[in-house]
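Presented below is the structure to which this report refers.
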Amino acid sequence: MASSEFDLIERHFCHLTPARNDVILAIGDDCALVTPRASQQVAISTDIMVAGRHFPHDTSPFAIGVKALATNLSDLAAMGAEPAWFTLGLSLPEANEAFLTAFAQGLASVAIPHNIALIGGDTVRGPLMVSITVHGFVPVGQAIRRQGARMGDSIYVSGTLGDAGAGLQLVKGELVVDNDLAAAALVGRLNQPIPRLAIGRSLRGIANAAIDISDGLLADLGHILNASGVGAVVDPALLPLSADLITAVGRERGVQLALSSGDDYELCFTLPPVRESRLSALGRFRIPLTRIGTVVAEPGIHLQQESGIAQVVAPQGFDHFLDNDEMND
Ligand SMILES: [Mg+2]
(Lines give C-alpha, C1' and ligand atoms only; values in the text may rest on other atoms or scores of the structure.)
Protein backbone atom coordinates (compact mmCIF):
# COMPACT_ATOMS: atom_id res chain seq x y z
CA MET A 1 0.00 0.00 0.00
CA ALA A 2 1.10 3.60 -0.46
CA SER A 3 2.81 5.16 2.55
CA SER A 4 -0.17 7.39 3.32
CA GLU A 5 -2.33 4.30 3.52
CA PHE A 6 0.25 2.64 5.74
CA ASP A 7 0.19 5.67 8.03
CA LEU A 8 -3.55 5.36 8.20
CA ILE A 9 -3.30 1.79 9.34
CA GLU A 10 -0.52 2.50 11.85
CA ARG A 11 -2.65 5.26 13.28
CA HIS A 12 -5.58 2.94 13.75
CA PHE A 13 -3.79 -0.02 15.24
CA CYS A 14 -0.75 1.28 17.13
CA HIS A 15 -2.28 2.22 20.46
CA LEU A 16 -5.40 0.15 20.15
CA THR A 17 -4.88 -2.53 22.76
CA PRO A 18 -3.64 -2.79 26.36
CA ALA A 19 0.02 -2.10 27.16
CA ARG A 20 1.65 -5.16 28.75
CA ASN A 21 5.00 -5.25 30.49
CA ASP A 22 5.91 -8.53 28.75
CA VAL A 23 5.82 -6.73 25.36
CA ILE A 24 9.28 -5.30 24.78
CA LEU A 25 8.65 -4.14 21.23
CA ALA A 26 5.30 -4.14 19.44
CA ILE A 27 4.29 -2.66 16.07
CA GLY A 28 6.97 -0.73 14.19
CA ASP A 29 10.06 -2.93 13.78
CA ASP A 30 10.78 -6.05 11.74
CA CYS A 31 9.61 -8.28 14.56
CA ALA A 32 7.81 -7.92 17.84
CA LEU A 33 9.73 -8.87 20.99
CA VAL A 34 7.95 -10.46 23.91
CA THR A 35 9.10 -12.06 27.15
CA PRO A 36 7.90 -15.59 27.90
CA ARG A 37 6.97 -16.63 31.44
CA ALA A 38 8.88 -19.19 33.48
CA SER A 39 7.05 -22.50 33.95
CA GLN A 40 4.39 -21.59 31.39
CA GLN A 41 3.85 -22.88 27.88
CA VAL A 42 2.68 -20.64 25.05
CA ALA A 43 -0.54 -21.73 23.30
CA ILE A 44 -0.79 -20.39 19.71
CA SER A 45 -3.72 -20.46 17.31
CA THR A 46 -4.49 -18.89 13.91
CA ASP A 47 -7.84 -18.39 12.22
CA ILE A 48 -8.66 -16.84 8.87
CA MET A 49 -12.04 -15.22 8.22
CA VAL A 50 -13.03 -14.48 4.63
CA ALA A 51 -15.92 -12.17 3.74
CA GLY A 52 -18.80 -14.11 2.23
CA ARG A 53 -17.55 -17.38 3.63
CA HIS A 54 -17.11 -16.89 7.38
CA PHE A 55 -19.24 -13.76 7.72
CA PRO A 56 -21.82 -12.17 5.42
CA HIS A 57 -20.50 -9.37 3.15
CA ASP A 58 -22.73 -6.80 4.83
CA THR A 59 -21.48 -7.52 8.35
CA SER A 60 -20.58 -4.26 10.10
CA PRO A 61 -16.83 -3.55 10.39
CA PHE A 62 -17.20 -3.31 14.19
CA ALA A 63 -18.71 -6.81 14.27
CA ILE A 64 -15.96 -8.15 11.98
CA GLY A 65 -13.35 -6.83 14.43
CA VAL A 66 -15.16 -8.33 17.41
CA LYS A 67 -15.71 -11.68 15.79
CA ALA A 68 -12.19 -12.03 14.37
CA LEU A 69 -10.57 -11.67 17.79
CA ALA A 70 -13.29 -13.35 19.86
CA THR A 71 -13.23 -16.55 17.79
CA ASN A 72 -9.46 -16.80 18.20
CA LEU A 73 -9.72 -16.19 21.94
CA SER A 74 -12.27 -18.99 22.03
CA ASP A 75 -9.51 -21.39 20.92
CA LEU A 76 -7.35 -20.23 23.86
CA ALA A 77 -10.36 -20.74 26.14
CA ALA A 78 -10.77 -24.31 24.91
CA MET A 79 -7.16 -25.10 25.92
CA GLY A 80 -7.43 -23.38 29.31
CA ALA A 81 -4.98 -20.65 28.25
CA GLU A 82 -4.74 -17.01 29.33
CA PRO A 83 -4.53 -14.46 26.46
CA ALA A 84 -1.31 -12.45 26.04
CA TRP A 85 -0.58 -11.22 22.50
CA PHE A 86 -1.96 -11.31 18.96
CA THR A 87 -0.90 -10.47 15.43
CA LEU A 88 -3.24 -9.31 12.67
CA GLY A 89 -3.19 -9.99 8.93
CA LEU A 90 -5.68 -7.80 7.11
CA SER A 91 -6.59 -7.82 3.42
CA LEU A 92 -8.75 -4.87 2.41
CA PRO A 93 -10.21 -3.84 -0.97
CA GLU A 94 -9.31 -0.21 -0.09
CA ALA A 95 -7.87 1.70 2.87
CA ASN A 96 -11.25 2.97 3.95
CA GLU A 97 -10.96 5.21 7.03
CA ALA A 98 -14.49 4.60 8.26
CA PHE A 99 -14.06 0.83 7.95
CA LEU A 100 -10.71 0.84 9.75
CA THR A 101 -11.99 3.03 12.60
CA ALA A 102 -14.96 0.77 13.28
CA PHE A 103 -12.98 -2.45 12.76
CA ALA A 104 -10.27 -1.26 15.18
CA GLN A 105 -12.94 -0.31 17.74
CA GLY A 106 -14.39 -3.81 17.44
CA LEU A 107 -10.98 -5.38 18.00
CA ALA A 108 -10.28 -3.11 20.97
CA SER A 109 -13.65 -3.86 22.56
CA VAL A 110 -12.56 -7.50 22.85
CA ALA A 111 -8.82 -6.96 23.44
CA ILE A 112 -9.16 -4.57 26.38
CA PRO A 113 -11.30 -6.71 28.72
CA HIS A 114 -9.12 -9.75 27.99
CA ASN A 115 -5.80 -7.87 28.36
CA ILE A 116 -4.43 -9.05 25.02
CA ALA A 117 -1.99 -6.81 23.14
CA LEU A 118 -1.69 -6.38 19.38
CA ILE A 119 2.05 -6.80 18.74
CA GLY A 120 2.30 -6.82 14.94
CA GLY A 121 0.76 -7.63 11.63
CA ASP A 122 0.56 -6.86 7.96
CA THR A 123 -1.95 -5.29 5.61
CA VAL A 124 -2.47 -5.84 1.89
CA ARG A 125 -4.91 -4.72 -0.73
CA GLY A 126 -7.22 -7.56 -1.75
CA PRO A 127 -10.56 -9.21 -0.98
CA LEU A 128 -11.76 -8.56 2.59
CA MET A 129 -10.08 -11.10 4.83
CA VAL A 130 -8.90 -11.08 8.44
CA SER A 131 -6.33 -13.45 9.89
CA ILE A 132 -5.44 -13.33 13.58
CA THR A 133 -2.87 -15.34 15.49
CA VAL A 134 -3.31 -15.39 19.25
CA HIS A 135 -0.74 -16.34 21.88
CA GLY A 136 -1.66 -17.30 25.43
CA PHE A 137 -0.05 -18.74 28.54
CA VAL A 138 -0.87 -22.04 30.17
CA PRO A 139 1.04 -23.67 33.04
CA VAL A 140 3.33 -26.46 31.82
CA GLY A 141 1.36 -29.65 31.25
CA GLN A 142 -2.03 -28.15 32.15
CA ALA A 143 -3.44 -27.37 28.70
CA ILE A 144 -6.78 -29.13 28.15
CA ARG A 145 -6.50 -31.13 24.97
CA ARG A 146 -9.03 -32.92 22.76
CA GLN A 147 -7.52 -36.32 23.31
CA GLY A 148 -8.23 -36.82 27.01
CA ALA A 149 -11.87 -38.00 27.07
CA ARG A 150 -12.32 -41.32 28.90
CA MET A 151 -15.15 -43.85 28.93
CA GLY A 152 -17.66 -42.89 31.63
CA ASP A 153 -16.87 -39.17 31.48
CA SER A 154 -19.81 -36.80 31.64
CA ILE A 155 -20.12 -34.43 28.67
CA TYR A 156 -20.91 -30.79 29.37
CA VAL A 157 -21.49 -27.64 27.35
CA SER A 158 -21.39 -24.02 28.49
CA GLY A 159 -24.11 -21.46 27.75
CA THR A 160 -26.78 -22.17 25.17
CA LEU A 161 -26.44 -23.72 21.72
CA GLY A 162 -28.03 -22.97 18.34
CA ASP A 163 -28.44 -19.23 18.85
CA ALA A 164 -25.79 -18.18 16.34
CA GLY A 165 -27.16 -20.67 13.80
CA ALA A 166 -30.58 -19.02 14.03
CA GLY A 167 -28.85 -15.63 13.85
CA LEU A 168 -27.20 -16.66 10.60
CA GLN A 169 -30.55 -17.73 9.15
CA LEU A 170 -31.99 -14.36 10.18
CA VAL A 171 -29.26 -12.32 8.47
CA LYS A 172 -29.53 -14.50 5.36
CA GLY A 173 -33.29 -13.89 5.25
CA GLU A 174 -34.03 -17.60 5.67
CA LEU A 175 -35.82 -17.05 8.95
CA VAL A 176 -38.32 -14.37 9.93
CA VAL A 177 -39.03 -13.75 13.62
CA ASP A 178 -41.79 -11.42 14.83
CA ASN A 179 -40.12 -10.82 18.18
CA ASP A 180 -37.53 -8.08 17.50
CA LEU A 181 -35.73 -8.52 20.82
CA ALA A 182 -35.28 -12.26 20.30
CA ALA A 183 -34.08 -11.68 16.72
CA ALA A 184 -31.55 -9.06 17.86
CA ALA A 185 -30.25 -11.36 20.59
CA LEU A 186 -29.74 -14.22 18.12
CA VAL A 187 -27.92 -12.03 15.59
CA GLY A 188 -25.84 -10.71 18.48
CA ARG A 189 -24.75 -14.25 19.29
CA LEU A 190 -23.63 -14.63 15.65
CA ASN A 191 -21.78 -11.33 15.38
CA GLN A 192 -20.39 -10.88 18.86
CA PRO A 193 -19.47 -14.26 20.33
CA ILE A 194 -18.18 -14.23 23.92
CA PRO A 195 -15.08 -16.37 24.41
CA ARG A 196 -15.43 -18.49 27.56
CA LEU A 197 -11.92 -17.77 28.80
CA ALA A 198 -12.59 -17.72 32.54
CA ILE A 199 -14.47 -21.01 32.33
CA GLY A 200 -11.70 -22.56 30.22
CA ARG A 201 -9.00 -21.58 32.71
CA SER A 202 -11.08 -22.87 35.61
CA LEU A 203 -11.46 -26.23 33.88
CA ARG A 204 -7.72 -26.94 34.16
CA GLY A 205 -7.33 -29.98 36.36
CA ILE A 206 -11.07 -30.70 36.14
CA ALA A 207 -11.82 -31.44 32.46
CA ASN A 208 -10.24 -34.39 30.70
CA ALA A 209 -10.85 -32.90 27.24
CA ALA A 210 -12.30 -29.69 25.80
CA ILE A 211 -13.04 -27.93 22.53
CA ASP A 212 -14.85 -24.77 21.53
CA ILE A 213 -17.98 -25.18 19.41
CA SER A 214 -17.25 -23.39 16.16
CA ASP A 215 -18.66 -25.87 13.65
CA GLY A 216 -21.57 -27.32 15.63
CA LEU A 217 -21.85 -29.68 18.61
CA LEU A 218 -21.87 -32.91 16.59
CA ALA A 219 -18.82 -31.91 14.58
CA ASP A 220 -16.80 -30.52 17.48
CA LEU A 221 -17.72 -33.19 20.02
CA GLY A 222 -16.81 -35.58 17.19
CA HIS A 223 -13.28 -34.11 17.20
CA ILE A 224 -12.91 -34.87 20.92
CA LEU A 225 -14.23 -38.39 20.43
CA ASN A 226 -12.01 -39.13 17.44
CA ALA A 227 -8.93 -37.76 19.18
CA SER A 228 -9.73 -39.77 22.30
CA GLY A 229 -10.74 -43.02 20.55
CA VAL A 230 -14.18 -43.15 22.22
CA GLY A 231 -17.86 -42.45 21.45
CA ALA A 232 -20.72 -40.65 23.15
CA VAL A 233 -24.39 -40.93 24.05
CA VAL A 234 -26.02 -37.49 23.87
CA ASP A 235 -29.57 -36.78 25.04
CA PRO A 236 -31.05 -34.06 22.76
CA ALA A 237 -33.64 -33.29 25.45
CA LEU A 238 -30.84 -32.05 27.70
CA LEU A 239 -29.40 -29.55 25.19
CA PRO A 240 -29.48 -26.02 26.64
CA LEU A 241 -31.62 -23.75 24.42
CA SER A 242 -32.12 -20.05 25.04
CA ALA A 243 -35.58 -18.60 25.47
CA ASP A 244 -34.82 -16.44 22.42
CA LEU A 245 -34.14 -19.50 20.28
CA ILE A 246 -37.30 -21.27 21.40
CA THR A 247 -39.30 -18.09 20.71
CA ALA A 248 -37.77 -17.87 17.24
CA VAL A 249 -37.92 -21.45 15.98
CA GLY A 250 -39.55 -23.64 18.63
CA ARG A 251 -37.92 -26.43 20.60
CA GLU A 252 -37.73 -29.10 17.88
CA ARG A 253 -35.97 -26.92 15.32
CA GLY A 254 -33.94 -25.42 18.15
CA VAL A 255 -32.55 -28.84 19.06
CA GLN A 256 -31.55 -29.43 15.45
CA LEU A 257 -29.71 -26.09 15.38
CA ALA A 258 -28.07 -26.85 18.73
CA LEU A 259 -26.76 -30.14 17.35
CA SER A 260 -25.49 -28.98 14.01
CA SER A 261 -25.17 -25.22 13.56
CA GLY A 262 -21.89 -23.50 14.31
CA ASP A 263 -20.61 -20.14 15.54
CA ASP A 264 -21.82 -20.40 19.15
CA TYR A 265 -18.26 -20.53 20.57
CA GLU A 266 -19.39 -22.24 23.72
CA LEU A 267 -17.14 -24.87 25.30
CA CYS A 268 -17.80 -28.61 25.15
CA PHE A 269 -15.82 -30.62 27.71
CA THR A 270 -15.71 -33.98 29.43
CA LEU A 271 -14.86 -34.87 33.00
CA PRO A 272 -15.13 -37.91 35.26
CA PRO A 273 -18.33 -37.89 37.38
CA VAL A 274 -16.18 -37.80 40.55
CA ARG A 275 -15.07 -34.29 39.63
CA GLU A 276 -18.54 -32.93 38.77
CA SER A 277 -18.96 -31.37 42.23
CA ARG A 278 -15.97 -29.12 41.45
CA LEU A 279 -18.01 -27.43 38.70
CA SER A 280 -20.13 -25.67 41.33
CA ALA A 281 -17.19 -23.27 41.90
CA LEU A 282 -17.67 -22.14 38.29
CA GLY A 283 -21.16 -20.90 39.13
CA ARG A 284 -19.59 -17.53 39.90
CA PHE A 285 -19.27 -16.95 36.14
CA ARG A 286 -23.08 -17.03 35.81
CA ILE A 287 -22.90 -19.12 32.63
CA PRO A 288 -24.91 -22.33 32.79
CA LEU A 289 -22.93 -25.55 32.47
CA THR A 290 -25.17 -28.36 31.29
CA ARG A 291 -24.56 -32.09 31.28
CA ILE A 292 -25.72 -33.42 27.90
CA GLY A 293 -24.42 -36.97 27.78
CA THR A 294 -21.79 -39.58 28.55
CA VAL A 295 -18.62 -40.86 26.92
CA VAL A 296 -18.92 -44.50 25.88
CA ALA A 297 -16.53 -47.03 24.37
CA GLU A 298 -18.44 -47.57 21.12
CA PRO A 299 -17.34 -45.02 18.47
CA GLY A 300 -19.72 -42.44 17.04
CA ILE A 301 -22.34 -40.20 18.60
CA HIS A 302 -25.51 -41.94 19.75
CA LEU A 303 -28.52 -39.66 20.11
CA GLN A 304 -30.94 -40.77 22.81
CA GLN A 305 -34.51 -41.06 21.47
CA GLU A 306 -37.69 -40.56 23.48
CA SER A 307 -38.39 -44.24 22.96
CA GLY A 308 -35.15 -44.99 24.78
CA ILE A 309 -33.46 -46.31 21.66
CA ALA A 310 -30.30 -44.50 20.66
CA GLN A 311 -29.96 -43.30 17.08
CA VAL A 312 -26.38 -43.61 15.93
CA VAL A 313 -24.85 -40.64 14.17
CA ALA A 314 -21.59 -41.84 12.70
CA PRO A 315 -18.89 -39.18 12.28
CA GLN A 316 -19.42 -39.25 8.52
CA GLY A 317 -23.12 -38.62 9.19
CA PHE A 318 -22.49 -35.11 10.51
CA ASP A 319 -23.08 -33.58 7.09
CA HIS A 320 -26.58 -35.01 7.10
CA PHE A 321 -27.46 -32.52 9.84
CA LEU A 322 -25.90 -29.53 8.16
CA ASP A 323 -28.37 -27.67 6.02
CA ASN A 324 -26.58 -24.32 5.89
CA ASP A 325 -22.91 -25.18 6.11
CA GLU A 326 -21.86 -22.55 3.59
CA MET A 327 -20.73 -20.14 6.30
CA ASN A 328 -19.22 -22.64 8.67
CA ASP A 329 -17.09 -25.19 6.88
MG1 LIG B 1 -11.45 -24.36 18.09
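The values are calculated or read from the model by the stated rules, or taken from the named source; none is laboratory data. Computed from a prediction, not measured in an experiment: that's the story for all the values here. Cβ: placed from backbone, ideal geometry, glycine included. Neighbour counts: every protein chain shown. Keep in mind that these areas ignore ligands, DNA and RNA; they rest on the heavy atoms of the full protein, side chains included. Shrake-Rupley method; radii C 1.70, N 1.55, O 1.52, S 1.80 Å.
Points worth noting:
- Only Lys, Arg (+1) and Asp, Glu (-1) charged, at Cβ; the range 1-158 dipole about Cα centre in debye: 620 debye
- One decimal place: the segment Ala243-Met151 gains 29.9 nm when fully extended, by the rule 0.36 nm per residue minus the C-alpha distance.
- Take the chain with all the other protein chains still there, run a 1.4 Å probe, and you get 44 Å² of accessible area per residue.
- Sorted into 10 angstrom bins from 0, the C-alpha pair distances of the range 186-289 split as 13, 44, 37, 6 percent.
- Remark: the Asp29-Glu252 segment gains 74.8 nm on full extension, using 0.36 nm per residue and subtracting the alpha carbon distance.
- Of the trypsin sites (Lys or Arg not before Pro) found in the range 207-298, those in coil by DSSP whose Cβ has at most 16 other Cβ atoms within 10 Å are Arg286.
- Note on Asp180 and Arg286: the model spin-label points, each 7 Å out from Cα along the C-beta direction, lie 2.6 nm apart.
- Among the trypsin sites (Lys or Arg not before Pro) within the range 60-159, those in coil by DSSP and having at most 15 neighbouring Cβ atoms inside 10 Å are Arg150.
- Charge dipole (the range 68-186, unit charges on Cβ, about Cα centre) - positive-most of Val140, Leu175, Phe103: Val140
- Extension gain from Arg20 to Arg275, taking 0.36 nm per residue of separation minus the Cα-Cα distance: 88.3 nm
- Neighbour count of at most 12 Cβ within 10 Å plus DSSP loop: longest GluC sites (Glu not before Pro)-free window in the chain: 175-305
- Cα-based radius of gyration of the chain once divided by 2.2 N^0.38 Å, which approximates compact folds: 1.02
- Here the chain exposes an accessible surface that is 53 percent carbon and sulfur, computed with a 1.4 Å probe and the other protein chains kept in place.
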